[in-house]
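Comments concern the structure below.
The values are calculated or read from the model by the stated rules, or taken from the named source; none is laboratory data. If you're wondering where the values come from, they're calculated on a predicted model, not measured in any experiment. Here the Cβ is made from the backbone with ideal geometry for all residues, glycine too, and neighbour counts use every protein chain on show. Just so you know, the surface numbers come from the protein's heavy atoms only, side chains and all, with ligands and any DNA or RNA stripped out. Shrake-Rupley method; radii C 1.70, N 1.55, O 1.52, S 1.80 Å.
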Amino acid sequence: MFWEIGTALETMEEVQPPVTPPIEPNGKRSEASLLDICEKVLSLDGSTCDEALKLFTETKRILSASMSNIGSGTREEVERFWFAFILYSVKRLSVRKEADGLSVSGDNEFNLCQILRALKLNIVDFFKELPQFVVKAGSVLGELYGADWENRLQAKEVQANFVHLSLLSKYYKRGFREFFLTYDANAEKNSANSSTYLLDSYRFGWLLFLALRNHAFSRFKDLVTCSNGVVSILAILIIHVPCRFRNFSIQDSSRFVKKGDKGVDLVASLCKIYDASEDELRIVIDKANNLVETILKKKPSPASECQTDKLDNIDPDGLTYFEDLLEETSISTSLITLEKDYYDGKGELDERVFINEEDSLLGSGSLSAGAVNITGVKRKIDALSSPARTFISPLSPHKSPAAKTNGISGATKLAATPVSTAMTTAKWLRTVISPLLPKPSPGLEHFLKSCDRDITNDVTRRAHIILEAIFPNSSLGAQCGGGSLQAVDLMDDIWAEQRRLEACKLYYRVLEAMCKAEAQILHANNLNSLLTNERFHRCMLACSAELVLATHKTITMLFPAVLERTGITAFDLSKVIESFIRHEDSLPRELRRHLNSLEERLLESMVWEKGSSMYNSLIVARPSLALEINQLGLLAEPMPSLDAIAALINFSDGANHASSVQKHETCPGQNGGIRSPKRLCTDYRSILVERNSFTSPVKDRLLALGNVKSKMLPPPLQSAFASPTRPNPGGGGETCAETGINIFFTKINKLAAVRINGMVERLQLSQQIRESVYCFFQHVLAQRTSLLFSRHIDQIILCCFYGVAKISQMSLTFREIIYNYRKQPQCKPLVFRSVYVDALQCRRQGRIGPDHVDIITFYNEIFIPAVKPLLVELGPVRNDRAVEANNKPEGQCPGSPKVSVFPSVPDMSPKKVSAVHNVYVSPLRGSKMDALISHSTKSYYACVGESTHAYQSPSKDLSAINNRLNNSSSNRKRTLNFDAEAGMVSDSMVANSLNLQNQNQNQNGSDASSSGGAAPLKTEPTDS
């Protein structure tokens, strides 16, 4: 057995990627290439060139060790990426140094787009590879540019800006096509001048939107506000583009809102179409009109005083009209003016590329708007991750054969997009949360006054301070973005105040619901222990603020900003997420998804990082780990007091409240030694982890086996936030830390089970292998917990797969494991390319190397030496797929079936049900169930929870349905060919099929169901 593990170590060396020749020791050729780019291509001054060469020299060793992990691995491409990282860092960090008053010579103006053009790279690929540079060269950047270099680099913000602009450009392009003729569709009908005008007007709208975004929206360039900006531009175009270019008729459209006899209310109509707020849209339209007047020097006139066919059948009240704004003779001059205005205030990205057809710079693929790292989440709407695709003309129609350019006269609802989803979610805030009072309700006040003393003032004061820290005014917040108009700061203050009110109202609403549930559990209204806990309230405020930020999708305040500004850690926030969802029934689906993916992100990596309060509980629950935790310096620091945060933001009444809140925070054991996270974390997203945050691990295991009623009440919330050393009242003698860590480990195991199950299905492994990998992971988590310190759980899962494969003598290579892991929704290349190792510990063992290595090196040098006894104890496992395929377990007594140790996991949707055929199944939504499944067609469908026969597998269900259709004597008889390469059958195709069948049945009379020409009916077994 030990020999097999040793063989695994030797075999591992064979699967390492091919080694690219390293940078030569003197690096003269590479340095010369970098200098040529700086001087000849970008025309940088001497000091900037010297700084770039210095940074390259300092990171040359890191580059040589990372050659095979960047891009395609070729030397030439890796160098171009590294040069881009160097130049971008020098550009961002040098500008900051100059702003801080340090001496930096030169006034070079270059941005990221110019860097990427010079190096022949695209934006998507740049941000895919940048995380490796950030992680591996972080120590060098810290030495050269200071400890706050990562925040100053603003890579996350620049990437989020790119993703938002990609979405907004598609949103604008789609809206323009809805209202105006397209270039491709009308090339034969219109003259060359008309075609040019359409392109010019399209470009004019985008440039005017960029001016609005840069001048009026400033640093809070959230997606919802910018979407209102796009709609306001469409409103201006509708009343200024000549009528002959319109793609709609106001009189014929059923989607326009008419206002009595005055005609169509244009603003109200656009709000109806795009789920916008009428009040907010009118404000943004006014700002856009002011820009037209200020930048283009056009004279505004009330639309009611203008005589033009463009305003026919449109209510002119409240609209502004500009003479010759978009006339064919003057549009070129306006374009030149807008181009100059944009160039004067340009940033890192040239935002004009989204309509300049420079798709080679945009790249292809997916980026996440929430972090630097690439995300592979394959959700339809949940992931805001679709850069602009290549298209021949900016006005070219959709390639889908079902898409038709027929204006907006149809009643069909527009398909959901990331932008439209954000607008719908914002509507929930506007209609459900905003009408609430910005103070505790009478019901919540009752609980606050029922404590040992009235804590209403403490609760309201804390909410004001924390939310002021999260949503600061312009004078207290981060630096403002581009924009020269004086109204910018006022706009920021109004925006921040609106977001504070929304978060505050949501906080009070959910807090009251939680208090009612807690009082029901404890059978008491005095919730003093919970409601006087500072950490609990900050977590609730952070969760409320994060939902507001997620709704508006800001660029400048990305997660984990709420953690840093409230002084809590990822472990703290993970305790309230599930309860928050459970106690807010009206929460939209997208926000529920956001919180669930956020919880998963916290569990998989952030709670394991240095400075997590999880370690403060872990040393109490697992005293054997205390020495290593202290040696590595993983413990969290005390949470900053409320007065300290108030002083930091210069809160007006902070000095007047030296109240018991401060004393409560500093009481021994109350905060568990909590501190703010030290650095930003990478963004990992996956699927829902459907578990109660406060269900005990014993109950959780029983629930997985179905032995406990699902309606069992969870333990009190207050135990989750009590001092780690405090005895847990319902924990059977264990401390609150032990209970909390057990719950935390249960959730980690559940998340691991979901991901192990996904990999097993993708690798087509047996269920025995699945259970062995899961058991192995459980043992590692429980007995070798330190392997997860400062690491990602996927790194341990990948190692568990290979360890089980080798000890079972399976022909499964690490290369194959990583290849399939790349296809998982949560995959990030950084997971297997950069695994943390403690450099000090390595030096103690006589090894010298970097503090981040690839997954293979980690497996050989760290993982296997630590888990070898556990792997030997596990023993080999048989990967017998044929036995499972026939569903006939061998050597098992029929009277005592083996109970699987693998927990129940939520089904992925759509789920591939065949390893050979391209067949997927997905749960049918309840809204479609009644429409699609009538009595006469029920036997054609297999729904979740309902089989065509009792105890039958899904594959047999599909075969039975196929046989019924093949044997039917209906006029539309056809065979479902699962071997074809065709794509998935759409809902619309199914619906059309049913409609045609019903028509045929109606023609044959009411008794058609029993005649020979109709499909035979069959009684289905009912579920009991």
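Of all the accessible heavy-atom surface of the stretch 234-348, with the other protein chains kept in place and a 1.4 Å probe, what percent is carbon and sulfur?
On the way: 2500 of 5450 Å².
Solvent-exposed carbon and sulfur of the stretch 234-348 make up 46 percent of the total.
By how many nm would the segment from A524 to R589 lengthen if fully extended, with 0.36 nm per residue of separation less the alpha-carbon distance? Numbers along the way, then the final one.
Values: separation 65, 0.36 × 65 = 23.40 nm, distance 3.27 nm.
This chain segment gains 20.1 nm when fully extended.
What residues have an amide H closer than 5 Å to that of I314, excluding those fewer than 5 places away on the same chain, when H is modeled at 1.01 Å from N in the peptide plane?
For I314, whose amide H was placed from the backbone, the distant partners under 5 Å are V264.
I need the calculated FRET efficiency for the pair R762 and V901, taking r as the beta carbon distance and R₀ as 25 Å, to the nearest 0.05.
My answer for the efficiency is 0.75.
Suppose R0 equals 45 Å. What FRET efficiency, 1/(1 + (r/R0)^6) with r the Cβ-Cβ distance, do T431 and K28 give to the nearest 0.05?
Plugging the Cβ-Cβ distance into 1/(1 + (r/R0)^6) gives 0.10.
E628 to S301: extension gain in nm, 0.36 nm per residue of separation minus the Cα-Cα distance?
On the way: separation 327, 0.36 × 327 = 117.72 nm, distance 7.35 nm.
Result: 110.4 nm gained on full extension.
Applying the Karplus parametrisation 6.51 cos²θ - 1.76 cosθ + 1.60 with θ = phi - 60° to the phi angles of the stretch 777-789, what ³J(HN,Hα) value in whole Hz is obtained for each residue in order, glycine and proline being reported as x?
5, 4, 5, 5, 5, 7, 10, 10, 4, 5, 5, 8, 4
What number comes out for accessible area per residue over the stretch 765-874 if the probe is 1.4 Å? Units Å², please.
Result: 36 Å² of accessible area for each residue.
How large is ³J(HN,Hα), in whole Hz, for each residue of the stretch 610-626 in order, when computed from phi with the Karplus curve 6.51 cos²θ - 1.76 cosθ + 1.60 and θ = phi - 60°, using x for Gly and Pro?
Here the 3J(HN,Hα) series is 4, x, 7, 5, 4, 5, 5, 7, 5, 5, 7, 6, 10, x, 5, 8, 4 Hz.
5 Å is the cut-off here: which amide hydrogens, built 1.01 Å from N in the peptide plane, fall below it relative to H852, excluding neighbours closer than 5 in sequence?
For H852, the qualifying residues are V837.
Provide the FRET efficiency to the nearest 0.05 for the L35-K340 pair, computing r from the beta carbons and using R0 = 30 Å.
Approximately 0.35, to the nearest 0.05.
In nm, to one decimal, how far is the modelled label at E76 from the one at R822, with both set 7 Å along Cα→Cβ?
Modelled inter-label distance: 2.2 nm.
Give me the accessible area of E323, 1.4 Å probe, in Å² rounded to the nearest 10.
E323 exposes around 110 Å² with every protein chain in place.
Roughly speaking, what is the stretch gain from D200 to S47, that is 0.36 nm per residue apart minus the C-alpha to C-alpha distance, in nm to one decimal?
Numbers: separation 153, 0.36 × 153 = 55.08 nm, distance 4.14 nm.
Gain on extension, D200 to S47, equals 50.9 nm.
Considering only protein heavy atoms and a probe of 1.4 Å, how much of the accessible area of the stretch 765-874 is carbon and sulfur, as a whole percent? Before the final figure, lay out the partial values.
Values: 1940 of 3970 Å².
Here it works out to 49 percent.
Quick one: 3J(HN,Hα) in Hz for the stretch 309-318, Karplus 6.51/-1.76/1.60 with θ = phi - 60°, rounded, Gly and Pro as x.
Running phi through 6.51 cos²θ - 1.76 cosθ + 1.60 with θ = phi - 60° gives 5, 5, 9, 4, 6, 10, 5, x, 4, x Hz.
So for K828, K128, K610, what's the accessible-area order with a 1.4 Å probe, most first?
Correct descending sequence by accessible area is K610, K128, K828.
Once amide H atoms are placed 1.01 Å from N in the peptide plane, what residues at a sequence separation of 5 or more from T735, or on another chain, have their amide H within under 5 Å of its amide H?
It is N728, by chain and number.
If one computes P(r) from the Cα atoms of the stretch 765-874, what percent of pairs lie at distances over 24 Å?
Details: 1335 of 5995 pairs.
For the stretch 765-874, the fraction of Cα-Cα distances above 24 Å is 22 percent.
Could you order peptides 464-472, 813-821 by the average number of other Cβ atoms within 10 Å of their residues, highest first?
Ranking, from highest mean packing down: 464-472, 813-821.
Run the simple label-point estimate for K120 and R61 please: 7 Å along Cα→C-beta, distance reported in nm.
3.2
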